[in-house]
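Report on the structure given below.
The values are calculated or read from the model by the stated rules, or taken from the named source; none is laboratory data. Keep in mind that this is a model prediction, so the values were computed, not measured. Cβ atoms come from the backbone with ideal geometry, glycine included; neighbour counts cover every protein chain shown. We work out accessible area using only protein heavy atoms, side chains counted, and drop any ligands, DNA or RNA first. Shrake-Rupley method; radii C 1.70, N 1.55, O 1.52, S 1.80 Å.
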Amino acid sequence: MSVQTNILSILNNLPQGVQLVAVSKYHPKESIEQAYQAGQRVFGESKVQELVDKYQALPKDIAWHFIGHLQTNKVKYIAPFITLIHSVDSFRLLEEINRQGQKCNRTIPCLLQIHIAQEETKFGFTPDECLSLLSEGKWQQLNHIEIKGIMGMASLTDDDNQILHEFSILQQLFQHIKSTYFSTTLSFCELSMGMSGDYPLAIQKGSTMVRVGSSIFGERNY
Ligand SMILES: *Cc1c(COP(=O)(O)O)cnc(C)c1O
């Protein structure tokens, strides 16, 4: 299957209002160009250096999303151009994104990453940690970031019921945060969940953004 065919068949199955983030990490620029020619403009990357290289080489109307673990000392390299950071996992990182946003004279859209999966290695806030960050309120002073929603990953399992359960925890948390902290704005509107193996389940639970890599580009060579 070609990249173009894969993209078109995924887009055909996405309901209105669900955005496809094509996860191009570890894939060459040529693969991104193929997707671009199929009309795809939103790409997700998880390594800063790789993202910067691709940003510099590829068309400037691409919207780049950062989806990997982001170290505070590297925020400055992506701050000038990043469209959305999905993976904010500490207040310190939020502060640094704010500082770099200020330097570039822009407001950087962010999602708070929530850890719900069983695997230990995944980064992110627990739902409780996320709620205490929000209730502390210090984030309200950060004028160069905009919290647009939350991102999460389900466990790696074949058990659809468990995956659905985890996505529905994210969905409820999203609704709770939206009504508690963002009821007077439309800006908190993104629920980023769903990958190649589970995005149809994520859509059932209200995902607004699916991050799909291998179903588009094939297996990654690490
Ligand atoms: C790699 C990655 C994806 C894409 O995974 P696939 O299984 O290849 O679709 C999605 N989200 C995050 C956070 C990732 O790191």
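For region 74-98, name all the residues that are surrounded by fewer than 16 Cβ atoms within 10 Å (Cβ to Cβ), farther than 23 Å from ASP128 by Cα and in contact with a helix residue (DSSP H, G or I) (Cβ under 8 Å, 6 or more places away or on another chain).
Once the filter is applied, which keeps residues that are surrounded by fewer than 16 Cβ atoms within 10 Å (Cβ to Cβ), farther than 23 Å from ASP128 by Cα and in contact with a helix residue (DSSP H, G or I) (Cβ under 8 Å, 6 or more places away or on another chain), region 74-98 yields LYS76, TYR77.
A quick yes/no check of all residues on (1) among the aromatic types (Phe, Trp, Tyr); (2) outside any helix (DSSP H, G or I); (3) away from the ligand (no atom under 14 Å from the Cβ); (4) open to solvent by 40 Å² or more (accessible area, probe 1.4 Å):
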position: SER135; (1), (2), (3), (4): no, no, yes, yes
position: LYS148; (1), (2), (3), (4): no, yes, yes, yes
position: SER155; (1), (2), (3), (4): no, yes, no, no
position: HIS176; (1), (2), (3), (4): no, no, yes, yes
position: SER179; (1), (2), (3), (4): no, no, yes, yes
position: THR185; (1), (2), (3), (4): no, yes, yes, yes
position: LEU191; (1), (2), (3), (4): no, yes, no, no
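Quick check: anything in region 18-28 under 20 Å from ILE147 (Cα atoms), open to solvent by 20 Å² or more (accessible area, probe 1.4 Å) and part of a strand (DSSP E or B)?
Yes; the residues of region 18-28 include at least one that is under 20 Å from ILE147 (Cα atoms), open to solvent by 20 Å² or more (accessible area, probe 1.4 Å) and part of a strand (DSSP E or B).
Can you pull out the residues in region 29-70 that are open to solvent by less than 10 Å² (accessible area, probe 1.4 Å), within 13 Å of the ligand (Cβ to nearest atom) and free of Cβ contacts under 8 Å to residues at least 40 places away in the same chain?
PHE43, GLU45, LEU51, PHE66, LEU70
Among the residues of region 200-216, count how many are more than 8 Å from the ligand (Cβ to nearest atom), open to solvent by less than 50 Å² (accessible area, probe 1.4 Å) and more than 18 Å from ALA63 (Cα to Cα).
Matching residues across region 200-216 total 5.
Six or more apart or on different chains, Cβ under 8 Å: which pairs go from a residue in region 1-25 that's in contact (Cβ under 8 Å) with a residue 40 or more places away in the chain to one that's assigned to a strand (DSSP E or B) and among the polar types (S, T, N, Q)? Could you list them?
Partner pairs satisfying both residue conditions: VAL21/SER192.
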